[in-house]
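Here is the structure we will look at.
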Amino acid sequence: MAPAQEERIPIKSAADLAYYFQTIQDALAEKETEDSWQRLDRALAKLEAVAKGGGYKFDEFVYHMKSVAEPLTSALLSERTRLSGTAGDVLASVAPRMAERFEPLVNVYVPPLLQICARTNKVALKRAEKCLQLVARHCKLPNILPLLREASKDKYAGLRAVSVACMVTLFESGASDRLYRKAAEVEAMIASMAKDSNPEVRQNCKKLFQVYIDLWPERVER
């Protein structure tokens, strides 16, 4: 039986952070197979423990998160529910802690989360949506909007619905001042999605429009 995984690994210096990330990176270098996936899962759990132990506070954390982007993304997209779930747990722990400092990682980790939302596996979809909602709510970053806008045009209704729901959360998060310069784009998206064939997308679009009215009534009154 594998030893119990630590929930938090205290990180007290940049040297500690570099040491643990090197061990994690080495462990994640394996290809996913029937024999290796549990070791990969444990390495990802260690990564989450490093973040929870304060690793995210160091400036170098962004660099290290980029260094494991390929294996972490691969695990996110795995068909193994447990491995994919553990990878999602890493991002669900990291993003809220980093808040606005997550910005350099948006284009690295948000696209695969959106990709999962186009799948038929409802468990994986809900996990990915949870991560995306956390990014939208706690990071409050305008650079997620173009990714959500593109996803709102996807042929899969589930992905379209998630993307609009995340837009609602983003606008409710307090990022409206930084999003104002994209108001015209948002208006175009609302007009397009209001006619969507999927009722959930239309319902989420209605919520987005209400948030938009509450934030910028002067634009509606023009």
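The values are calculated or read from the model by the stated rules, or taken from the named source; none is laboratory data. Everything quoted here is computed from the prediction, not taken from an experiment. Heads up, the Cβs are rebuilt from the backbone with ideal geometry, glycines too, and the neighbour counts pull from every protein chain shown.
Which residues, taken from the stretch 181-207, are within 19 Å of Asn143 (Cβ to Cβ) and out of contact with any Phe, Trp or Tyr (no Cβ under 7 Å at 6 or more places or on another chain)? Can you show your working first?
So the first thing to find is which residues in the stretch 181-207 are within 19 Å of Asn143 (Cβ to Cβ), and the list is 181-186, 188-189.
Arg181, Lys182, Ala184, Glu185, Ala188, Met189, listed by residue number.
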Quiz item: Which of the residues belonging to the stretch 11-52 are of a type in the set (A, V, I, L, M, F, W, C) and assigned to a loop (DSSP other than H, G, I, E, B)?
Solution: Ile11, Leu28, Ala29
Quiz item: Looking only at residues in the stretch 10-34 that are without any contact (Cβ under 8 Å) to a residue 24 or more places away in the chain and under 16 Å from Ser84 (Cα atoms), which one is surrounded by the fewest Cβ atoms within 10 Å (Cβ to Cβ)?
Solution: Glu34
Exercise. Kindly list the number of the only condition in (1) among the hydrophobic types (A, V, I, L, M, F, W, C); (2) over 21 Å from Arg97 (Cα atoms); (3) loosely packed, with under 14 Cβ neighbours inside 10 Å that fails for Leu40.
Key: (3)
Quiz prompt | Members of the stretch 26-66 that are polar (S, T, N, Q) and under 21 Å from Ala92 (Cβ atoms) | solution = Gln38
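Condition check: surrounded by fewer than 20 Cβ atoms within 10 Å (Cβ to Cβ), part of a loop (DSSP other than H, G, I, E, B) and assigned by the TED database to the domain that holds Val110. Does Glu7 satisfy that? Quick ask: steps written out before the conclusion?
On the way: surrounded by fewer than 20 Cβ atoms within 10 Å (Cβ to Cβ): yes; part of a loop (DSSP other than H, G, I, E, B): yes; assigned by the TED database to the domain that holds Val110: no.
So Glu7 fails the test.
From the list Ser176, Ser152, which residue is among the polar types (S, T, N, Q) and either under 26 Å from Ser74 (Cα atoms) or over 21 Å from the mean Cα position of the chain (by Cα) (or both)?
Numbers: Ser176 fails: either under 26 Å from Ser74 (Cα atoms) or over 21 Å from the mean Cα position of the chain (by Cα) (or both).
Within the list Ser176, Ser152, the selection yields Ser152.
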Quiz item: Could you list, in sequence order, the residues of the stretch 123-146 that are touching a Ser or Thr at 6+ places or on another chain (Cβ under 8 Å) and within 25 Å of Glu79 (Cα to Cα)?
Solution: Val123, Ala124, Arg127, Gln133
